Each structure stands twice: as structure tokens, then as C-alpha cells.
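Quick notes on the structure that follows.
The values are calculated or read from the model by the stated rules, or taken from the named source; none is laboratory data. Fair warning: this is a prediction, and the values are worked out from it, not measured in the lab. With ideal geometry, Cβ positions are generated from the backbone for all residues, glycine too; neighbour counts draw on all protein chains shown.
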Amino acid sequence: MEKTILNKKIILIFFILFYTNELFAGNNFIKSEIRQGELRLYFSSDIEGVKYFSLPSKDGSTKYVYDIEGATLPSGKGISQHSYKNIDSFRIAQNSANKLRIVIKSPQKALDKHAYKNNMLFIPLKYGKKASIDGITIENISYKKPYISTTNRKKYIVVIDAGHGGKDNGASYKNRTEKKIVLSIAKKVKRILQKDGLKVYMTRDSDRFVKLPKRTEFANKKMANIFVSIHANAAPTKKTAKIFNGIEIYYLSKAHSKRAKEAAEKENSVMFENKDLYTKNDYLSLLNREKIIESHKLGLDIDNKILSNIRKKYKVSNGGVKSANFWVLVGAQMPAILVETGYISHPREGKNLLSSTYQSLLAKGIAEGIERYLKNTRR
């Protein structure tokens, strides 16, 4: 008797869970097809919005990502069965409770001309081709225009963080001091962004000490869209001063390389004075994983623009965009990166970092990278 009652309860719970899930499932993905050189996706109700970005792969191809807001993926649904020339793979997955992610991997330059209307999303699979839904192309969709309108610019808030300051000099070598160099660069970035109509704040605008947690706390209070911390690096020893060089950009995640770990330890040192290993690990367990992808994308845009500007007049190495446990980025509620503008200990690079012209090109690159990120990111 008891067994029969238990079985009935289990069945009842199953039906409650099943029908509740069906009633509140949201905008379900129904089907996909490839027609006229487009991947066409259909949903059970109108699409709320689509956020697009791209990520380079190690094999030279690019992952084109489309996040569909308010959409869900029913069990058994997928798009990996599709195939198309110059497309390596198609993937679909539930990225979060209310976000469905489409990933298309391709060696092509860009697949960014998608468009959606009502319950349909069309993604062209050929570089340069525009999506068409009842004659609608990318130019007809206002939030996809490749510029930031004057009105939208005023909505964006950027916080620029000049590393170190006050009692904390940062890296030092001969007559070169990190805190002075990065403050000069940060001020130049602020002027460029303000001239372009963005609202900009600085965590410090003079030679004063600001605790690391206070920097992102400041950005959070300002409800910033972007946080960029500017630093300068130094070789670990005099023997390696001529070896270590290049611009490096970091976003918050667990460090994978030895060089990334060393850079993080150097920048975190002021935070962890007189603290044991357990305390350090306890602090760094607070990593905010939600913004990792967006921060990586921001880093790639800034890296690209810095190099393109500086290489017009100077020779510079690209250290790449990497992940590391930088305390100054912990707690940021927005895309956040740390820019190592070069090595003050390097014979050539160190002298360049003292040059106003070189600093201006760095600042121009950082500012243009921020604007490029904002252009490609719907908010």
C-alpha cells in the first residue's frame, strides 16, 4: 500500500515538473535550416535581442558567437548536423537560464551581418553577405549600425585606472617609475574618450595611493560599462632586462602561463603584504566568472588598436591577451582588463614609455579599442 502511494507521488511530481517546465519554458528554439547561404533559426515567439561577438581560435579560424536573449533550448534540439562550405562547425547550447548561444566556427574574416525579425534569426554564412528577412538588411536595424550615435555615447561610462600611486611606486628602473608613466597615459586616454563624447572617470588623477579593492568598487558605484587598469611592466632581474619586452593585456581568470602568474604576483603584492598563502587563495577565490568572455573580447579589441597605432612609428612586440589573477580586476561588475603598456626595464621600450608621442599612441590605441568594443556590443 505504502509503495503504491509512493509511486503515485513520484508520478504526480513528474507531471508537475514537466508541465511547469513547458508552461514557463520561455521562447523555445524550434528548428534551423540552411537556405540561400544563410543559417535560419526559428523560435516559438518573438526574439528579445541578439548580442554578437567573435573570438579567435588557436588554429587560425574564428568563433562567431550569437547570444539570443530570452531563448531556451528544448531537449534533443541542435544544429550540429548542418554543414556548409567554409564553415568548420555549428553549435547551439543553453549559455544561461535566459540566454541561448549559437557558435559558428569559420576561417572567414567576419560573419556579422545577421538580422532578426519576430521569431526568426538569419545568419549569412558568407563573408560580406547581408542577412535578409522580408528585405531587411543589417543597415535597417538601428542598434546594429557600425557607429555609436551621439545619444548613445552619453550613456556609456568608462573608468580608467592608473595603476599604483602615492606610497606604491610600482615598477621602477633607473629614472623610470611606473606610477608616473601610467598616470600620464591614463589622462591622455580620458581626454580622447571625453572628446569623443563618452563619460569618463579616473580612480586617481594625481599621485595618491588607492587600495586595489577600492578601484573596482569605485567603478561599480559609477555603474561603469568598462574598466581599464593601466600599468607598466619590468623584467624580474637585470639579466633578463633585454629579453622581456612587449605589450600585454590581461583579463581576470586563473593564470595559465608562468609569465602571467609572475605579472599577477607583482601587481598584487601591495594587496597581500603580510598575508599568508591561505589568505591569498581565499581572496582570489572571489573571481567574477560572469564577465570573462566580454573582458577577453575587450582585451582583443584594445590589443589590436594599440598595435596598429604604435607600429606606425615604433617597433613593438605583441605579448598577446592572457588570463591572470589580478586583484585590481576582482569584483568588477563590468568587462574589465589590465593593460601592461610595456617593460620600463627594456633598453628601447623603457625609453619609449617616457616619450609623450609614444604615450599618446598608446592612449589612442586604448581609446579606439574601447570604442571598437562598444560598437560591436549591444547594451
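Find the residue count for the range 324-375, including only residues that are closer than 21 Å to Ile192 by Cα and either part of a helix (DSSP H, G or I) or not assigned by TED's automatic domain parsing to the domain that holds Ser172 (or both).
Within the range 324-375, residues that are closer than 21 Å to Ile192 by Cα and either part of a helix (DSSP H, G or I) or not assigned by TED's automatic domain parsing to the domain that holds Ser172 (or both) number 23.
Going by what's in this entry, would Phe218 be described as touching an Asp or Glu at 6+ places or on another chain (Cβ under 7 Å) and either assigned by TED's automatic domain parsing to the domain that holds Leu353 or among the hydrophobic types (A, V, I, L, M, F, W, C) (or both)?
When the stated conditions are applied, Phe218 does not pass them.
The conditions are (1) closer than 19 Å to Ile337 by Cα; (2) of a type outside the set (Ser, Thr, Tyr); (3) modelled with pLDDT of 95 or more, and Lys221 fails exactly one of them. Which is it?
Tallying (1) closer than 19 Å to Ile337 by Cα; (2) of a type outside the set (Ser, Thr, Tyr); (3) modelled with pLDDT of 95 or more, Lys221 fails exactly one: (3).
Restricting attention to the range 159-187, which residues are under 19 Å from Lys305 (Cβ atoms), buried (at least 21 other Cβ atoms within 10 Å of the Cβ) and among the charged types (D, E, K, R)?
Across the range 159-187, the qualifying residue is only Asp161.
Residues checked against (1) touching a residue at least 24 places away in the same chain (Cβ under 8 Å); (2) surrounded by fewer than 19 Cβ atoms within 10 Å (Cβ to Cβ); (3) not in a strand (DSSP E or B):
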{"residue": "Ser45", "(1), (2), (3)": "yes, yes, yes"}
{"residue": "Leu55", "(1), (2), (3)": "yes, yes, no"}
{"residue": "Tyr66", "(1), (2), (3)": "yes, no, no"}
{"residue": "His82", "(1), (2), (3)": "yes, yes, yes"}
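Can you tell me which of Lys280, Lys254, Lys266 is in contact with a Ser or Thr (Cβ under 9 Å, 6 or more places away or on another chain) and modelled with pLDDT under 90?
It is Lys254.
So which pairs qualify, if the first residue must be in the range 310-326 and at pLDDT below 90, the second must be polar (S, T, N, Q), the Cβ gap must be under 6 Å, and the two must be at least 6 apart or on different chains?
Ser323/Ser253
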